[in-house]
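Student: First the structure, then my questions, so here it is.
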Amino acid sequence: MHLDEKVPELSPAFVWAAVATFSVSSAGTTPSPPPLRIDAPLRLRRAIHANDALLVRRIIASHPKLLHNPDTSPGGLSNSNLHLAASLGHLPIVQLLVSLGHEADLPALNDDFQTALMLAAAAGHTEIVHFLSQNSPASILRRDIRGRDAIMEASRGGHDTVLQILLTYAPNGPEQAVRNADLEGNTALHFASSNGNLLVLRTLLAAGADAERRNMWSWTAVAYSATVEAEVYLKRLVAEAEAKRKLKMQADEVRRKEVLKGGLRIVADSS
């Protein structure tokens, strides 16, 4: 070969095979394959698990289409990045994803029609529930595939502070929110009673929950009491709430009569 002739370019596969052959002949062992590169969607989910907001930002900047990144693995339920971060309680990543437009159009839903707010409420992540409720109050009353909302999930999990936040931001006020029922007719009070969390029971009744509401099996919330203590406590709370309701009705009636009385005018006889 002349010096001015062009040296043929070797493919990476050929070079690796040559190195492998040399390693086998010199060391007598089988060479290890080159390290595999982790796909960007998986790297992004790992960064969320690690609560590494800077890495999450860098990966999304390089791969803008991965902003939602639904998990298609078995059991992944198509949970988006926000679902994952909210369920883990990683507030910085939740704030980052929302700021990048994760919920710009509508709240992301998984295969069970659950929002990230529902998962955060079920897990009792107070700060994330507060942030997401402020960002999108309408999400509080969204229903999943079973007809449950974030308020029911918080009540079911026994998370009283989370429940109070949700009721504070609930559209149309807390009284209407606590009277919603799932597809089986269970209200938030049914779930709280089955959990036995006394603080949640008090919060729901104070907000106007109907203790006499029956589900599709004609059971009230009291029938689901987890313990005898919870049953006694709930019955006492119901009695107190009923007494307050009657007092309020009486006060409203007195006020109505006073208004009617003050509005009457006596017309003098002109004859």
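The values are calculated or read from the model by the stated rules, or taken from the named source; none is laboratory data. Just so we're clear, the structure is a prediction, and the values are computed from it rather than from any experiment. Note: ideal-geometry Cβ built from the backbone for every residue, glycine included; neighbour counts use all protein chains shown.
Student: Here are some residues: A192, A120, A188, A108. Which one is within 13 Å of the chain's Cα centre (by Cα), at pLDDT 95 or above and surrounded by 24 or more Cβ atoms within 10 Å (Cβ to Cβ)?
Tutor: A120
Student: Let me ask something else about it. Identify, by number, the condition in (1) over 24 Å from D111 (Cα atoms); (2) in contact with a strand residue (DSSP E or B) (Cβ under 8 Å, 6 or more places away or on another chain); (3) not hydrophobic (A, V, I, L, M, F, W, C) that N180 doesn't meet.
Tutor: (1)
Student: Sticking with this structure for a sec: Identify, by number, the condition in (1) under 26 Å from T203 (Cβ atoms); (2) surrounded by 16 or more Cβ atoms within 10 Å (Cβ to Cβ) that A138 doesn't meet.
Tutor: For A138, the failing item is (2).
Student: Tell me, please, whether a residue that is hydrophobic (A, V, I, L, M, F, W, C) and within 9 Å of the chain's Cα centre (by Cα) can be found in segment 132-148.
Tutor: yes
Student: Within segment 92-150, which residues are among the basic types (K, R) and out of contact with any Lys or Arg (no Cβ under 9 Å at 6 or more places or on another chain)?
Tutor: R142, R143, R146
Student: Shifting gears a bit: Tell me which residues, restricted to segment 90-108, are of a type outside the set (A, V, I, L, M), touching a His at 6+ places or on another chain (Cβ under 9 Å) and over 14 Å from H49 (Cα atoms).
Tutor: H102
Student: Let me spell it out: the conditions are (1) loosely packed, with under 10 Cβ neighbours inside 10 Å; (2) modelled with pLDDT of 95 or more, and S11 meets all of them except one. Which number is the exception?
Tutor: Going through the list (1) loosely packed, with under 10 Cβ neighbours inside 10 Å; (2) modelled with pLDDT of 95 or more, S11 breaks only (2).
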